Structure formats: structure tokens, C-alpha cells
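The values are calculated or read from the model by the stated rules, or taken from the named source; none is laboratory data. Computed from a prediction, not measured in an experiment: that's the story for all the values here. Quick reminder, even Gly has a Cβ in these numbers, built from the backbone with ideal geometry, and neighbours come from all protein chains shown.
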Amino acid sequence: MVGTLGSPRTGAIDAGSRAPFGWAPLVVLFIVGFVDRIEYNLLSGVLPAIQGEWGFSDTAAGSIPTAAALAAAVVALPAGYLADRLSRTRIIAVVVLVWAIATLGSGLATGFVMFYLMRVLLAAAENIDNPASGSLLADYYPPVSRAKAYGLTRVTTYLGGVGTLLGGVLAEAFGWRTAFLIMVVPGVLTALLVWLLREPRRGELDRLVAAGDTAPASPAPASPAPAAKPPFRRQFRQVISIPTLIFVCAGLSLLTLGLAGIFYWLPTFMVRTLGVGTATAGSLAGLITVVGTVTGTLVGSWLGRKWHGTRKGGRLLAGGGGITAGSLVLAGALSMDSIGAMSVLVLVACSLMSIAIPNMTACLADVVPAASRGLGFAVLQLLITGGGAFGSLVVGIASDRLGSLLAGMYILVIPMVAGGLLTLGARASFERDARKVMEDAARG
């Protein structure tokens, strides 16, 4: 039945439960993120094959993610506006269906221009669902389990490395178009699954947690009337005045700048420099990111639980420290002339940086009021999308001008380290910002 996934099993919302609406919403939103990232990462795995067919330069190849990210950045704030005012489950379902259509267009593209436009459309659509998903998770899960919830959904950013693996293998075996055409089916099925999710009332769980209460389950109507909102400009000023949010968003933006550039070109780097085949390069890059991300997320979840409340800004200490150390290890990995040594070090770097995944977004949910969480996550998505927009292009231009793909990748290590240090700086304001949100929720 429509809207039944995610209803409280006991008939009441238990504020003391780690999952008062059950774990079904988390599973569904995990699938959304996983399908999204697999499709996005296909391009990295099939890129050598597409360049071989159409013969475009590294600068042109690097500009595809840049143009796509800029399109995504344009829709980020409007997406946050909609997420705070319309049904979030419906927004996500419609957007996922658009993904499937754009993926079909990518596989059927008859030339570089058409393919380019499909990638831009896909990226814009993908970015619309992020604020809605971030806001929904905070209304499904209380602060005690948000690190787990956000960790499992955000880990899909790196588990999408399966897409790199899949793209490389399918491109070599059946041609690059097959990789995109296959992904249309899970896209459509995922859209149908999201349509079944129940829309929770905004901020109700925060109010219950703050009051230590239990309330009868009262699902929002299928088309809920939005609560009165302040004018968008005032709401936006309130959100960007939260110090923790600004520090974390800026730090993750710099991190994404480096990751987007280095990991986009990593399979191509393996093919050109280390002499491995397209399928091997895609498989290695994909497996490294998947294994490293799972390892880092598990460690990060454990550290987040252990350090939250026992150390000042404990989650931020774990995440920021992991980002900083992982960036330095990644720099060492790129200097290796052996595929084995490089793979091991990249795996360690991925594991360290992934410690941040279950901690950073949980921190943001804790410091942004429920009524503005969609906009808060839109600001995060805007900055990390803007940061990631230019990573691949920087590497591509440097490769063409310096004659060295490695030199372009090294350029991006410095902002990654700076991003880790910035997220560590958010520890100074986190406790104060989180306490204010719960105090406001208790006042109703």
C-alpha cells in the first residue's frame, strides 16, 4: 500500500527507540544513494573506451564532471527550498525516475554533444534529491542513531565505486553503451520503491526526544499542508549563520575538490602509467573504494559512538582527523610505480577518509533546526558540488599542458589536507549549536 513503509510498528512513536519508524526508510534511502552513485561512477570506468571512440582531449573529458557539477550547483538551493515545503518522498521518487531517463539517453547518445548533455541533466536531477533525503533521515532517526543512518546512506558515495568496476568490465566485454542501458532498470524500480515511503512529520521526533515523550503515530497526509515558513532569504541567513555548518561544508567542499579529480582519473592513470587493461583498472579502482569505504565507515561509526559526548566535538575529531591523515597517505600512494603498492596505499587512504562519512552529516543534522534541514543539506550539497566541479577539469588541463597526469593529481592534495583541518575547526562550535537546536525543539 502507498505510503506504508516506515510507519511505527507499535502504533506510537517511541522517542527512546534507536529506530522509532523501523529500518525500512534507511534501507530505501540507501538503495537510492547506491543506484545514484553506481550510475555516476560508470563514466570513470568507461572513459578510456569513450575517448577511444570519439577521440576527445583530456581537457574535454575533464570538463564533463565540471559542467555536470555546475548544473547540479544551480539547482541545490531551489532543491532545499522545495524539500522544506513539499513532500520529500515524492520529490525523491520523481527525481529517481528522471535519472533513469537520463541514463537511457547516455547509452543511446549518437555523439559527444548528446552524451555531454545527458550527463549534465543527470547531475542536475541527482542533486535535487539530496536535501530531501538528508531532511527525511533526521525525521526518521533520533540523534543517538543518526551517525549510523547518515553513515550508511552517505557511504554510497564511495560504494558507487562498483560503478567504476562495472563500467570497465562491461565496456571491455560488450561496449560502453551496455553499462548505461543496464542501469535504467534499477533506476525505475528504485523510483517505485521510494513512492511507498511514508512521509514523517517535520520536527516531531526532535520534539519528542527533547521532551522524553511518546506520541501516537499520526502519519502526515498524502499531500501535507506545509507549515508556515519564514521568507527564503531570512531562512537562508539563519542557516548560514550556524558556525558548525559553515566549517564542515567548507572543509568537505575542499575534500571533494580533490577526491573528484583524483578518483575520476585514477583508472585512466593506471592504464597509461602502470600499463594495466581497462577492465583491470576499473575493477581495481572500484574494489579499492568499496572495501576502503566499508572499512572506514565501520571504524568511523565505532569512533563516533565512543567519542560523541566524551570528547569535545568527538565526531568531528574522528572525521577531520581521518580526512587529514588519509589525504597525506593518498599523496604517497600516487608516487608508487607498482600497481600493488599503489593499490594498498590507496586502500588505506580511502579507509581513513571514510571515517568522516558516518560523522559529518550526522553533525549537520544535529545543528540545523528541523524546519530548515532541507535547506541546510542544500547548502552542504551546493558547496561540495561546487568544490567537486573543478577537480577533474584541473587534472585534465594540467595533464594536457604539463604532459603529466600525475602532476595534475598532485595539485589537488593540498586542498584535501586543508579540508580536513577545517572540519577539525568545527569542534569549537558544535556543542553549542547542537544544544540550541534541542532547546528550541523542547520549547515546541
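Things to note:
- With respect to (1) more than 27 Å from V271 (Cβ to Cβ); (2) surrounded by fewer than 23 Cβ atoms within 10 Å (Cβ to Cβ); (3) modelled with pLDDT under 85, the lone exception for G175 is condition (1).
- For region 94-117, filtered to residues that are crowded, with 21+ Cβ neighbours inside 10 Å and either aliphatic (A, V, I, L, M) or touching a Cys at 6+ places or on another chain (Cβ under 7 Å) (or both), the residue that is farthest from A138 (Cα to Cα) is A102.
- Selection status of G403, of a type outside the set (S, T, Y), on the phi > 0 side of the Ramachandran plot and surrounded by fewer than 22 Cβ atoms within 10 Å (Cβ to Cβ): yes
- M336 fulfils the conditions (1) free of Cβ contacts under 8 Å to residues at least 40 places away in the same chain; (2) surrounded by fewer than 18 Cβ atoms within 10 Å (Cβ to Cβ); (3) part of a helix (DSSP H, G or I) except for a single criterion, (3).
- Per the listing L284, L317, the residue uniquely buried (at least 19 other Cβ atoms within 10 Å of the Cβ) and modelled with pLDDT of 85 or more is L317.
- Sole residue being touching a helix residue (DSSP H, G or I) at 6+ places or on another chain (Cβ under 6 Å), β-branched (V, I, T) and either farther than 30 Å from A147 by Cβ or assigned to a helix (DSSP H, G or I) (or both), chosen from I91, I101: I91
- Residues that are of a type outside the set (V, I, T) and in contact (Cβ under 8 Å) with a residue 24 or more places away in the chain within region 84-103 comprise D84, R85, L86, S87, R88, R90, A93, L97, W99, A100, listed in sequence order.
- Options A365, A418; residue that is closer than 22 Å to S327 by Cα, out of contact with any His (no Cβ under 9 Å at 6 or more places or on another chain) and assigned to a helix (DSSP H, G or I): A418
- Test result for A325, in contact with a helix residue (DSSP H, G or I) (Cβ under 7 Å, 6 or more places away or on another chain), more than 30 Å from F430 (Cα to Cα) and part of a helix (DSSP H, G or I): no
- Sole residue being part of a helix (DSSP H, G or I), of a type outside the set (G, A, S) and more than 19 Å from M416 (Cα to Cα), chosen from T256, T295: T295
- Pairs, first under 14 Å from V379 (Cα atoms) in region 56-83, second acidic (D, E) and crowded, with 22+ Cβ neighbours inside 10 Å, C-beta under 9 Å, six or more apart: A72/E126; A79/D129; A83/D129
- Single residue of region 231-245 satisfying the filter (modelled with pLDDT of 90 or more and β-branched (V, I, T)) that is nearest to D84 (Cα to Cα): I242
Results for (1) at pLDDT below 85; (2) polar (S, T, N, Q); (3) out of contact with any Leu (no Cβ under 7 Å at 6 or more places or on another chain); (4) outside any loop (DSSP other than H, G, I, E, B), shown as yes or no for each residue.
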residue	(1), (2), (3), (4)
G187	no, no, yes, yes
L205	yes, no, yes, yes
A215	yes, no, no, yes
P219	yes, no, yes, no
